[in-house]
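Report on the following structure.
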Amino acid sequence: MHASDEKRISRRSFIKGSAIGAAGVFAGSMLSPGAKAQQADPRIPQKWDYEADVVVLGLGGAGASAAIEAHDSGASVLVLEKQAEATHFSNTRMSGGVFHNPDPAGDRKALVEYVKAMMCGKNIPWKLEGEQPHVSDAMAEMYAEGVMEVADFLLAQAPDLDRKGMAPGGKASFPMFPGFEEAKYGRTVFCGYKDLAKADPNLPLYERPRLTKGSGEAFHWALVEEGIKTKRPGIKILYETPAKSLVQRPNGEVIGVIATKDGREVAVKAKKAVVLATGGFEYSVPMRRAFLEGPGVKGWCYYGALANTGDGILMGIVAGAALSKVAKSASRIEPAFPYGEPWEKLGLKIGTMSAATSVPHSVIVDNFGERYADEHIITDSTRPYRYQFYKEAVKYDMLNMVYSRVPSWLIFDETLRAERPVVNMNISTVGYGFLPWSRDNMDAINRGWILRADSLEELAQKIQADPENRQLMDADRLAETVRRFNSYCALGKDEQFNRTPSTMGPVEKPPFYAMKMYPGGPNTKGGLDANADRSVLDWNGNPIPRLFAAGEIASVFKFTYQAGGNLTECIVCGRQAGRNAAKLAPWG
Ligand SMILES: Cc1cc2nc3c(=O)[nH]c(=O)nc-3n(C[C@H](O)[C@H](O)[C@H](O)COP(=O)(O)OP(=O)(O)OC[C@H]3O[C@@H](n4cnc5c(N)ncnc54)[C@H](O)[C@@H]3O)c2cc1C
């Protein structure tokens, strides 16, 4: 089914269906009392329902790239995808579509050094975290080679993509990293198909005709609809078939997958290998509780695919995989709301991309009413910090024993409310219909997602009445914060945090508004440990035979993150996993 059919499917029923699917898989794999026994004594089915050389789990950018590469290397390929075809919205599809395309004139050795610094910082004398010394050298080499082919790989799937928009360009994020100058490691906005400029802006991205598609929608379309369905019909996809567990021989070799299809368990034989590409754990309650700093469930938000519940991470753990920097997250702070079953019941909020975190007539304050950072960092692509802002937001106030910035509050005035939607209407969960939003923000105000008051004092009282504020808000401090910020606007200089002047404008026209902001963002990055071949490693650093991983589930970016890295690694690492899986001799 294609995008035109999607119009007929209610967003609400999709959310419900997807949620039940996600919760079902989770319950099946996490809570089953048989799960432990299975780990110790793997069940090898007498009869297989499906078989292929390479079985890929998850059809995002990483899974699609792995499937294409394995197919082109001569393997038969079967993809299991949890979501239904008509409403299949992976993180890849919901994304901004930005990826890296370094200048081929750059120095290759410098590129390896720059990439290594991003991945683990091993070659930076002052770095303090991001360890993956056992894999980083080879991984940086592999990545530096693969990244040069990303744009060509996309164009080979979809020649109608806009070549000019994908030309090498942009600036690398980290001038302090080795190789920055010589590597010419830019990034480029993947602006989509060649008629993108003619797109009807009132149509959601996923309903636009192919040649006017852009962002992650175009990235997904090129790989899945064109690369797989049109160009390689031999690659079989089973939608609505969530994988539940891996079938392993006693020696650890992975030989198949147990999945659920049409309400029953099916056994899928993988003659050569399984590639895990099920994305991150953004919507897994137990994993968020286990891995994220502070209140991981209620106090964090993500704004991508609700189906990403860490299923592959769990399958890997059961199969003996080592974990690596699981709490790493490409994150900042974003608005989030309790909305839709079962997310609300589970205590999870659905996040969405904010369009107002560093625009005039707004400030961000903590629960006491104090600004704590230059708000422009959250969106400023000219500085390297924006995907690390979450670390500021989860800072623990030791003396008061409180995460005083969870949630934070976007305070804004009537000028901003009337001027623009305060969330991104094109991509992310609003763009894909998971969260309702009206352009004038009134819908959110009426739902109580945005508080409104005629004065700042009244706004402070309303914030204080919200249980998540834990009665910390101080009306005088909030009024003083806004007064001070407005004086900086008049001065043209933020004397407290040095916010970029062009992003400043006074918060002065009543009524005033407050919207909660949580640490979070597009995706998690930590998960399974995997080497440069993309073989999943056990706790001794040895590859688990016939098991590969690519994408968010085992992101290579463990130290820091440059925007566009995740989509880039989907192709680089997905291809690497698919290629290596296809190379193996079949076991049966
Ligand atoms: C709003 C937004 C904007 C972003 N913008 C950018 C950007 O501009 N540039 C960039 O580089 N990155 C961006 N990212 C991040 C990037 O999109 C993701 O990190 C990347 O797409 C992940 O790809 P993936 O293939 O690993 O996972 P996904 O694309 O999420 O695919 C995982 C797939 O696995 C399926 N699945 C889950 N569990 C199972 C199971 N048990 N069995 C079978 N299938 C399963 C899911 O349904 C899904 O289809 C953005 C993310 C979001 C949400």
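The values are calculated or read from the model by the stated rules, or taken from the named source; none is laboratory data. Remember, predicted model here, so these are calculated numbers, not experimental data. Backbone-built Cβ (ideal geometry, glycine too); neighbour counts: all protein chains shown.
Figures for the structure shown
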| quantity | calculated |
| --- | --- |
| Qualifying residue in the stretch 439-446 (condition: surrounded by fewer than 14 Cβ atoms within 10 Å (Cβ to Cβ), touching a helix residue (DSSP H, G or I) at 6+ places or on another chain (Cβ under 9 Å), in the same structural domain as Lys516 (by TED's automatic domain parsing) and not aliphatic (A, V, I, L, M)) | yes |
| Those residues of the stretch 148-164 which are surrounded by 15 or more Cβ atoms within 10 Å (Cβ to Cβ) and not in a helix (DSSP H, G or I), in sequence order | Ala158, Asp160, Leu161, Asp162 |
| Residues of the stretch 60-98 satisfying the condition of being near the ligand (Cβ under 6 Å from one of its atoms), modelled with pLDDT of 95 or more and assigned to a strand (DSSP E or B) | Leu80 |
| Residue satisfying condition, being surrounded by 18 or more Cβ atoms within 10 Å (Cβ to Cβ) and either under 20 Å from the mean Cα position of the chain (by Cα) or more than 27 Å from Asp533 (Cα to Cα) (or both), within set Gly310, Gly263, Gly256 | Gly310 |
| Leading residue by the ranking (surrounded by the most Cβ atoms within 10 Å (Cβ to Cβ)) among those in the stretch 268-289 that are within 14 Å of the ligand (Cβ to nearest atom) and small (Gly, Ala, Ser) | Ala277 |
| Scope the stretch 397-427; condition part of a strand (DSSP E or B) and closer than 30 Å to Ser215 by Cα; matching residues | Ser408, Trp409, Leu410, Ile411, Phe412, Val423 |
| Only one of Phe190, Phe180, Phe219 that is away from the ligand (no atom under 12 Å from the Cβ) and of a type outside the set (Gly, Ala, Ser) | Phe180 |
| The one condition in (1) over 23 Å from Thr188 (Cα atoms); (2) assigned to a helix (DSSP H, G or I) that Ala117 fails to fulfil | (1) |
| Every residue from the stretch 518-560 that is within 9 Å of the ligand (Cβ to nearest atom) and not aliphatic (A, V, I, L, M) | Gly521, Pro522, Asn523, Thr524, Lys525, Gly551, Glu552, Ser555 |
| Condition met for Ser65 (hydroxyl-bearing (Ser, Thr, Tyr), assigned by TED's automatic domain parsing to the domain that holds Ser535 and buried (at least 22 other Cβ atoms within 10 Å of the Cβ)) | yes |
| Residue match in the stretch 303-318 (condition: without any contact (Cβ under 8 Å) to a residue 40 or more places away in the chain, closer than 30 Å to Val430 by Cα and either near the ligand (Cβ under 10 Å from one of its atoms) or out of contact with any strand residue (DSSP E or B) (no Cβ under 6 Å at 6 or more places or on another chain) (or both)) | no |
| Tally of residues being among the basic types (Lys, Arg) and either at pLDDT 95 or above or not in a loop (DSSP other than H, G, I, E, B) (or both) across the stretch 368-390 | 2 |
| Checking Asn101 against (1) more than 19 Å from Leu567 (Cα to Cα); (2) surrounded by 22 or more Cβ atoms within 10 Å (Cβ to Cβ), the condition it does not meet | (1) |
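Yes or no, residue by residue, for (1) closer than 14 Å to Lys82 by Cα; (2) outside any helix (DSSP H, G or I); (3) at pLDDT 95 or above:
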site	(1), (2), (3)
Ala259	yes, yes, yes
Ala270	no, yes, yes
Gly294	no, yes, no
Ile313	no, no, yes
Ile333	no, yes, yes
